[in-house]
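Let me begin by presenting the structure, written as structure tokens, before commenting on it.
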Amino acid sequence: MSSSKGKQELKVSVLKGQEAENAVLEYLKRMNRPYGAVDVAANLKGAVPKTAVQKILVALAEKGELVQKIYGKTTFFVYNQAKIECLSPERINELKKELAAIDDQIQASSSEIKSYSAELAKIKATPTNNELTSQIEATKSRILKVNSTLQPLRSGAPPITAEELEFIYADWTKWRAEWIRRRKVFITFWQLATDSLPPQDAQILEEDLGIEKDSAEHVALEQSSLCLPQGNSLKRKRL
């Protein structure tokens with residue numbers, strides 16, 4: 001029941017007589033472009049039947065309200081352009097002045113928007129309070145680290161000479177190579193000794209013998225720049 005009621009409410013009342021003629025003429029005047037009878041009837045949503053639209057269009061063309069154009073087998077109707085009110089020269093000049101004023105406003109607004117956009121981009125690029133606090137803390141930390149590095153020199157301690165650095169590096173290289181060799185020998189013999197043992201028994205034997213493997217400090221040292229193969233890192237630090 002509600003569905004049929006909705007259809008009844010959506011039903012368009014059909015215009016007749018002068019009302020239908022006025023509706024067709026007003027539509028073509030408002031749109032001001034060529035239409036055929038089928039298009040006019042469709043665009044009026046059935047307010048004027050198609051057969052009535054065709055008759056009204058012809059009648060309006062005979063009255064001079066519309067202009068009829070025939071292209072092949074298709075007939076189009078358009079509102080008579082001679083009946084469209086033309087603007088006076090004074091009104092045209094007024095509109096030109098209004099247009100020029102609006103253009104000036106647009107240019108001023110565009111410049112203002114450009115300025116605000118640049119200011120907004122600058123603000124977005126500025127660190128926030130939290131970011132500034134983090135940067136300040138990081139800078140303070142670096143300052144403390146540099147000061148601690150410079151403290152021996154400030155206290156009058158003599159700087160390390162190039163010869164001393166060379167000696168330290170040679171000594172470091174010598175004993176590190178010896179440590180690597182001994183560790184390799186141990187690993188080889190330990191694997192031979194525990195190859196037949198279950199992992200749990202090998203662990204117990206390792207604890208009973210008091211064998212200590214590389215600590216986290218050793219691992220970190222081996223992964224640091226001091227153990228990299230690119231030349232003398234101590235020399236690089238000196239430079």
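The values are calculated or read from the model by the stated rules, or taken from the named source; none is laboratory data. Remember, predicted model here, so these are calculated numbers, not experimental data. Cβ coordinates were reconstructed from backbone atoms using ideal geometry, including for glycine residues, and neighbour counts include every protein chain displayed. We work out accessible area using only protein heavy atoms, side chains counted, and drop any ligands, DNA or RNA first. Shrake-Rupley method; radii C 1.70, N 1.55, O 1.52, S 1.80 Å.
Look at Trp179 and say whether it is touching a residue at least 60 places away in the same chain (Cβ under 8 Å) and of a type outside the set (Val, Ile, Thr). Considered against the rule, which asks whether it is touching a residue at least 60 places away in the same chain (Cβ under 8 Å) and of a type outside the set (Val, Ile, Thr), Trp179 comes out as no.
Using the structure shown, decide if Arg142 is at pLDDT 85 or above, within 27 Å of Gln223 (Cβ to Cβ) and more than 52 Å from the chain's Cα centre (by Cα). Criteria not met by Arg142. When segment 84-128 is filtered for residues that are polar (S, T, N, Q), outside any helix (DSSP H, G or I) and more than 30 Å from Lys29 (Cα to Cα), the ones remaining, listed by number, are Thr126, Thr128. Filtering segment 29-55 to residues that are within 25 Å of Gln81 (Cα to Cα), hydrophobic (A, V, I, L, M, F, W, C) and assigned to a loop (DSSP other than H, G, I, E, B) leaves Leu44, Val48.
If you go through segment 29-72 and keep only what is open to solvent by less than 70 Å² (accessible area, probe 1.4 Å) and of a type in the set (Phe, Trp, Tyr), you end up with just Tyr35. Against the conditions (1) surrounded by 10 or more Cβ atoms within 10 Å (Cβ to Cβ); (2) farther than 30 Å from Asp39 by Cβ, Thr75 satisfies every one except (2). The set of residues from segment 4-28 being surrounded by 15 or more Cβ atoms within 10 Å (Cβ to Cβ) and either in a helix (DSSP H, G or I) or modelled with pLDDT of 80 or more (or both) comprises Ala20, Glu21, Ala23, Val24, Leu25, Tyr27, Leu28. If we scan segment 144-163, do we find a residue that is surrounded by 10 or more Cβ atoms within 10 Å (Cβ to Cβ), out of contact with any Leu (no Cβ under 8 Å at 6 or more places or on another chain) and acidic (Asp, Glu)? No. For segment 121-130, residues that are of a type outside the set (Ser, Thr, Tyr) and open to solvent by less than 90 Å² (accessible area, probe 1.4 Å) total 3. Restricting the first member to segment 27-55 and to residues that are touching a residue at least 24 places away in the same chain (Cβ under 8 Å), and the second to residues that are loosely packed, with under 15 Cβ neighbours inside 10 Å and outside any loop (DSSP other than H, G, I, E, B), the beta-carbon pairs closer than 7 Å and six or more apart or on different chains are Pro34/Lys69; Gly36/Thr74; Ala37/Lys50.
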